[in-house]
Amino acid sequence: MSFFIAILSGLLGGFGGVGYKISGSGKVNALQSASVLAFFGVIFFGIRAAYFGEWQSLTWQMVVLTIVTGVAQYLGQIMLKVTLDMGPLSLVWCAAALQFMPAIIFSYFAYNEPFTIFYLLALAALFGAIVSASGGQEKTDGGKLRSPAWLFGLSLLVMLTLFSSCAIAMKFGWYYHVPGAAESLMQNNGNVFFCLLYAAIFTFCTADVVIRKTWHFSTKGWIGSLMLAFGTILQFTLQKSVLHLPAALLFALSCSASILFTSIISTTFFHEKRTRNWYLTLIFALLAISFMAIPSPKEDSAQNDSKSLIEKEM
C-alpha cells in the first residue's frame, strides 16, 4: 500500500503540471496559476502551523529565509512561463522534476554531506536531459525551432536552479540554529516555513500579474490553476504519510511517476510529438532520478534520525 501511495503522490505532482498546461491554453500564465496555488498553500500550512503551535517560535531569521526563497521561486515561475512558451510541457516537466539536484551540490560543499559516484552520474544524466530537451522543441510551419536550441536549454537549466532554492533553504534551515535555541530553524517551524514561503510567492506573483495587467479570467484558467493547487498540496500530504519508506525509494517512485504521467498526458491529449529528443530526455531524466536514489552508507546510517525529524516537522 505504501508503494502505491508514493506512486500516487507522483501522479498528483504530474497532475499539477498538467494544470499549468491547461491554464496556458486558457490564456492564463504560470504566474497567475502560482498565485492560486500559493493562496491555498498559505491557508493549508497556516492552519497546520496553528494546530501544531509553531507560530509561537517564529523568528526574524525564518521570515528573511522565506522572503529570499520566495523571490527565487517567483523568478522560477517567470522562467517556467518562458520555457513553456519555448517548448512542450513534457520536456519542461522533465527538467522541473530534477530541481532537487542543485541542493545536493549545495549540501556537499556547505555541510559536507555525502557525494557519491552515483551523484556524479546523476549530474551527467541531468545535463544529458537538458541537452536532449534543448533540441526537442516543436518546429514552426517553416521547419525551424521556436527558439535557438541553446537558449531553450539554458532556460531549462536556470529554471530548475531557481526552483531548487526551496530545497536549499530547507537544508539551510535544517542546519542553522537560532542563537539561544536548542533546535534548528526548521525543526519546529516546518509548516510556518511553507506558509510564509507561499505568502511571499503569492505576493510577488500577484503583484506581477496586476502591475503588468496580465490577469486573465477564463474557465480553463481556473480549472488548470485549481488542478495545480489540488495536485501539489495533496502530493505533499500523501508523501508525509509514507515517510517510513526509505527516502531514496520514496523519491524514485514519486518523481518517476510524475515525469511519466506528465509525458503520457502531454503526448496523448496535447498532441506533443514523441521525437528522438523526447525519448532521450525522458530516459536521461529517469536515469538521473535512479542514480540519485542510490543512498550512500552515511545516508543509510542517518536515515532513522532524518525520518524522525521530518515526521516532527510535518
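Counting only alpha carbon atoms, the long axis of helix 165-175 and the longest principal axis of the chain meet at about 10°. Relative contact order of the chain, taken over Cα pairs closer than 8 Å and 6 or more residues apart, is 42 percent.
For the pair segment 108-140 / segment 55-69, the C-alpha centres are spaced 31 Å from each other. A crude spin-label estimate for the pair Phe230 and Thr59, with each label 7 Å from Cα along the Cβ direction, gives 4.0 nm.
Distance between the modelled labels on His271 and Asn112, one decimal in nanometres: 5.8 nm (7 Å Cα→Cβ projection). Sorting the segments 115-123, 198-206 by their mean number of nearby beta carbons within 10 angstrom, highest to lowest, gives 198-206, 115-123.
Using the Cβ of Ile283 as centre and a radius below 15 Å, the other residues enclosed give a net charge of +2, where K and R count +1 and D and E count -1. For the chain, the longest principal axis of the Cα atoms and the long axis of helix 2-25 meet at an angle of about 50 degrees. Calculated mean residue ellipticity, 222 nm, the chain: -25500 deg cm²/dmol, from DSSP H runs (n ≥ 4) at -39500 (n - 2.57) each, averaged per residue and rounded to 500.
Each peptide in 7-18, 65-76 was scored by the mean count of other Cβ atoms within 10 Å over its residues; highest first, the order is 7-18, 65-76.
When only the Cβ of Lys, Arg, Asp and Glu is charged (+1, +1, -1, -1), the dipole of the chain relative to its Cα centre reaches about 920 debye. Modelled this way, with points 7 Å down the Cα-to-C-beta line, the labels at Thr214 and Trp150 are 2.6 nm from one another.
Bear in mind that the values in this text are calculations on the coordinates, not laboratory data. Note that the coordinates shown come from a computational prediction; the quantities given were computed from them, not determined experimentally. FYI the Cβ positions are ideal-geometry reconstructions off the backbone, even for glycines, and counts take in every protein chain you see.
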